[in-house]
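Have a look at the structure below before the remarks.
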Amino acid sequence: MPTPFEDLTALNRLIHEPARLAILTALSACDKADFVFLLNVTGLTKGNLSSHLSRLERGGLVLIQKEFEGRQPITYVLLTREGREGLEDHWTRLDALKRATKVWKPLRTT
Amino acid sequence: MNEKQQARIRLVTRRYHELQGLGRCCWGLGLVAGSLVAAHVLKSDWGLLWVLLVFAGVAVPGTVVSERLYKQRFGRVAALDQDGPRRMGLLMGAAFGCAFIVERHFAGPGYPHPFFMVLAAISAWPLVRDWPLRKYLVVEVAATVLISALYVTVKPVALPDNDTFLRESFIWQGFGLLGLAVMVTGMLDHRLLVSTLPGLHEPLGQGEHADTL
């Protein structure tokens, strides 16, 4: 019988990393957010946030848009459909894992 | 990230514009200033206009400046339901319209003031929706219910000529009390926003954030 911990390996690592999870969670609650807002949510440095966003973009989870407000360029980030579904699936798996570990009893092999 | 943090991040992102409490504080301050002015000018010609001017003179510039501050410091968020504020505005307009009609034609002495009843219902909605993270909004609901209930006790006795003025001045004092409650909840909304957004490691230069990626 498999243990609940075996399901841990099935978690999407691209999403599971805490900073990326915070970014995706924030983006899931809005249409789009700008780079400054995500800096504030995560508390990351600009370089770190850029690197995480690039990874998420390469994974097809977010889209990055450059827009202008007057003469000021703004970088907006939004969640793709895959990103939204991936995040929902991730939270479902985590919840299931949490429930499973509560009822799990280790086998004694003495 | 635990469930509590997740819930806070979701709430702050979803209600980002509502949680910009400094703007709400300016509205509260406008209500207090308006009610103080009302006590002196309401019986004079153009009294109501003066009250409205004082209210707008405090609330509007304060809201504009605070909006700009939040944009610069905490960034921009586009809400999922961008039509929501318009729908809410229409609903509130209709509710206050009904309250006005009820107040003019049906409500009499010994009844709670319909305008404050509508305000109580409107301020109760975000309290229920965002419970328990914004439980402090109970201050605003309590203030509106209190004013509405106290209005019942202001009876038209002894001075029939002054009755209207007594009632009106009570309502304006009620607005002052409501303004204080709005200021308190505004500050607490601001605190929730600031405590959930840990902040920037490096200060941003003028327009720098745009080209970081």
Note to self: With θ taken as phi - 60° and the coefficients 6.51, -1.76 and 1.60, list the Karplus ³J(HN,Hα) couplings across the range A:66-76 in order, rounded to whole Hz; mark glycine and proline as x.
What the structure shows: 9, 10, 10, 10, x, 9, 8, x, 10, 9, 9
Checklist line | Amide N of the range B:1-37 lying under 17 Å from the label point, which is placed 7 angstrom from the Cα of A:HIS16 along Cα→Cβ | finding: B:1-3
Note to self: Sequence gap of 8 or more, or different chains, plus Cα separation below 22 Å: how many lysine pairs satisfy both in the protein assembly as shown?
What the structure shows: 10
Notebook entry, point to check: How much accessible area does A:ASP89 have with a 1.4 Å probe, in Å² rounded to the nearest 10?
Noted result: 80 Å²
Notebook entry, point to check: What residues qualify as long-range amide H neighbours of A:VAL62, i.e. H under 5 Å apart, gap of 5 or more or another chain, H built at 1.01 Å from N?
Noted result: A:GLU57, A:THR80
Item checked: Inter-label distance for B:ASN2 and B:VAL194, nm, one decimal - labels placed 7 Å from Cα along Cα-to-Cβ -> 2.4 nm
Check: In terms of solvent-accessible area of protein heavy atoms at a 1.4 angstrom probe, what is the ranking of B:CYS26, A:CYS30, B:CYS98, highest value first?
Finding: B:CYS98, B:CYS26, A:CYS30
Item checked: Estimated FRET transfer efficiency when R0 is 41 angstrom, pair A:ASP95-A:LEU63 (beta carbons, to 0.05) -> 0.90
Notebook entry, point to check: Roughly how many Å² of A:GLU57 are accessible to a 1.4 Å probe, to the nearest 10?
Noted result: 80 Å²
Note to self: Treating only the Cβ of Lys, Arg, Asp and Glu as charged (+1, +1, -1, -1), what charge dipole size does the range A:14-99 show about its Cα centre? Round to the nearest 20 debye.
What the structure shows: 200 debye
Item checked: A:TRP91, B:TRP46, B:TRP131, A:TRP104, ranked by accessible area, largest first (probe 1.4 Å) -> B:TRP46, B:TRP131, A:TRP104, A:TRP91
Notebook entry, point to check: Just how far, in whole angstrom, is the range A:36-59 from the range B:47-84 if you go by their alpha carbon centroids?
Noted result: 29 Å
Check: How much accessible surface area, in Å² rounded to 10, belongs to the heavy atoms of B:MET117 with a 1.4 Å probe?
Finding: 100 Å²
Check: Among A:LYS105, A:LYS98, A:LYS46, what's the order by accessible area (1.4 angstrom probe), most exposed first?
Finding: A:LYS105, A:LYS98, A:LYS46
Margin query: Explain nothing, just compute: Karplus ³J(HN,Hα) = 6.51 cos²θ - 1.76 cosθ + 1.60, θ = phi - 60°, for every residue of the range A:30-35 in order, whole Hz, x for Gly and Pro.
Written below: 8, 6, 7, 9, 8, 4
Next item on the list: Before anything else, pin down the relative contact order of the range A:14-99: Cα pairs under 8 Å, at least 6 apart, normalised by residue count, whole percent.
Entry: 32 percent
Check: B:ALA142 to B:ASP81: extension gain in nm, 0.36 nm per residue of separation minus the Cα-Cα distance?
Finding: 19.1 nm
Note to self: Can you give the FRET efficiency to the nearest 0.05 for A:THR80 and B:ALA124, using r as the Cβ-Cβ distance and R₀ = 25 Å?
What the structure shows: 0.10
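The values are calculated or read from the model by the stated rules, or taken from the named source; none is laboratory data. Since this is a predicted model, take the numbers as computed values, not measurements. Quick reminder, even Gly has a Cβ in these numbers, built from the backbone with ideal geometry, and neighbours come from all protein chains shown. For the accessible areas, the whole protein counts, side chains as well, though only heavy atoms, and no ligand, DNA or RNA atoms are used. Shrake-Rupley method; radii C 1.70, N 1.55, O 1.52, S 1.80 Å.
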